[in-house]
Amino acid sequence: MTKVNDLLDQAAKPEPRDPQPFTCADRKPVGLARAWIAAALIVESKQKILKDKREGIIDFLAPWHHQACQDAGRHEPSVLVETKLGVLRATFAHRYEKIKMSQLEAVQDAAGDHFEEWFIDKPALEVKKEVAEDPAKFNALIKRLAEVLGEEEFLANFQAPRQLGVLGTFTKEKFTLSSEQLRSLEAAGVHQIVNIARV
């Protein structure tokens, strides 16, 4: 049991320190910090532009990709776009944004008879915020997890939100769907995550 306690002590969150950060007023780090902040502001500005361009690319490529898969009669996750500056790859991978259980009915309606073939109920556990943010409570909880928790103790410390999971069969068969059904599924909360990278 000592080893378990040692491991749990290592995994437990440290006690919070007195939040009194040091302030450095030396010229060199102040100049470097100013330069870093200026660069970060430029990067943030460019990231907004990239995000807007990315969304525009996806807005165009999603229906184009769907039609290309339909025309080919198969699912192909990648699309290449060749430009004078390089090649852009858009990957319509088997990754989707989280679908909340409050969206279940709308997704069921949009999926129709394929719901059980395309989606799965995925339970998850989360430590409640008030427990996770209190180091004393969190440390005590971790130690208690080494022992068997009773139902009352479990329910006092954990939430168990459920999510809808998208199965690989949906991604592979997505190209066979009509544009109307795709729009219905997207409106219901089924949003595929698309990766964009310069290659």
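The values are calculated or read from the model by the stated rules, or taken from the named source; none is laboratory data. Since the structure is predicted, the reported quantities are computational estimates derived from the model, not experimental observations. We place every Cβ from the backbone using ideal geometry, glycine too, and count neighbours over all the protein chains shown.
Among residues of region 74-91 being free of Cβ contacts under 8 Å to residues at least 24 places away in the same chain and over 16 Å from VAL194 (Cα atoms), the one that is surrounded by the fewest Cβ atoms within 10 Å (Cβ to Cβ) is LYS84.
When we screen GLU76, GLU105 for residues that are assigned to a helix (DSSP H, G or I), among the charged types (D, E, K, R), out of contact with any Lys or Arg (no Cβ under 7 Å at 6 or more places or on another chain) and under 28 Å from SER184 (Cα atoms), the only hit is GLU105. With respect to the stated conditions, GLU55 fails to be out of contact with any Ser or Thr (no Cβ under 7 Å at 6 or more places or on another chain), of a type in the set (Asp, Glu) and assigned to a strand (DSSP E or B).
Among the conditions (1) within 30 Å of LEU177 (Cβ to Cβ); (2) modelled with pLDDT under 95, the only one that ALA11 does not satisfy is (1).
For THR169, all conditions in the list (1) more than 19 Å from the chain's Cα centre (by Cα); (2) over 24 Å from TRP64 (Cα atoms) hold save one; what is the number of the exception? Only one criterion in (1) more than 19 Å from the chain's Cα centre (by Cα); (2) over 24 Å from TRP64 (Cα atoms) is unmet by THR169, namely (2).
Here LYS100 passes the criteria (1) under 20 Å from ALA187 (Cβ atoms); (2) exposed (fewer than 10 other Cβ atoms within 10 Å of the Cβ) except the one numbered (2). Scanning region 156-181 for residues that are part of a helix (DSSP H, G or I) and of a type in the set (Lys, Arg), we see that the one that is surrounded by the most Cβ atoms within 10 Å (Cβ to Cβ) is LYS174. Being out of contact with any strand residue (DSSP E or B) (no Cβ under 7 Å at 6 or more places or on another chain) and surrounded by 10 or more Cβ atoms within 10 Å (Cβ to Cβ) holds for only one residue in LYS28, LYS46, and it is LYS46.
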